[in-house]
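Here the structure is laid out as structure tokens; the discussion comes afterwards.
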Ligand SMILES: C[S@@+](CC[C@H](N)C(=O)[O-])C[C@H]1O[C@@H](n2cnc3c(N)ncnc32)[C@H](O)[C@@H]1O
């Protein structure tokens, strides 16, 4: 995250019509109109870290279940869904405001392969063919570790996750923790403008 004042209110309700606004942006090489609102992460357009992630990631798997962990208004999930129309994209967040915006954006773009749901609504047996995330680092180490412990072991065998994390927000420490605690290899695939892109592999 780039806004140090950002907080997540898990009871943040869906934005009203008056609160919603439309903006033009480019996702997956397509000029699109999306809806955002105050009270979600980076409502003015894709955040710098998210843009770096989307620039660096490889083509996602064409099929299977893909996960955007912490979807906000949906830039990562929408990109996955546009690039992999035959895949199912799980867009997970803890705020109703984020989930509602992601659902609206997916519907407006004709993407019927996006499931924007709370974490507990993702079927537990679903193995992910890929995870892409700009994770909520500022929630604190203990919660971040819980989130990583919950989702990364759910990668399918041979699949990987790409995470963008600020260097000054502990990207290298998190990478070392993932390998030590979850026994998953982590490769630093890029370092740009103060952000690391970490690839977590499931052998
Ligand atoms: C850094 S923002 C990224 C949002 C969006 N993916 C983007 O790139 O603009 C992290 C998101 O994680 C969500 N979040 C916070 N705690 C979470 C949790 N325990 N599980 C899933 N998402 C969470 C926040 O509500 C926020 O939308």
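The values are calculated or read from the model by the stated rules, or taken from the named source; none is laboratory data. Quick caveat, the model's predicted, so the values are computed rather than measured. All Cβ positions, glycine included, derive from the backbone under ideal geometry; neighbour counts span all protein chains shown.
Taking the stretch 57-73 only, how many residues are more than 13 Å from the ligand (Cβ to nearest atom), farther than 10 Å from residue 87 by Cβ and in a strand (DSSP E or B)?
The total comes to 0.
Evaluate the following for residue 139: is it at pLDDT 95 or above, surrounded by fewer than 20 Cβ atoms within 10 Å (Cβ to Cβ), within 14 Å of the ligand (Cβ to nearest atom) and more than 11 Å from the chain's Cα centre (by Cα)?
Taking the combined requirement at face value, the residue does not satisfy it.
Can you tell me which residues in the stretch 81-96 are assigned to a helix (DSSP H, G or I) and surrounded by 24 or more Cβ atoms within 10 Å (Cβ to Cβ)?
The one that is assigned to a helix (DSSP H, G or I) and surrounded by 24 or more Cβ atoms within 10 Å (Cβ to Cβ): 81.
Going by the structure shown, is residue 164 surrounded by 18 or more Cβ atoms within 10 Å (Cβ to Cβ) and not in a strand (DSSP E or B)?
So residue 164 does not fit the description; no.
Got a sec? Which of 114, 200 is in contact (Cβ under 8 Å) with a residue 40 or more places away in the chain and under 25 Å from residue 20 (Cβ atoms)?
114
Can you pull out every residue in the stretch 150-161 that is part of a helix (DSSP H, G or I) and within 16 Å of the chain's Cα centre (by Cα)?
150, 151, 152, 154
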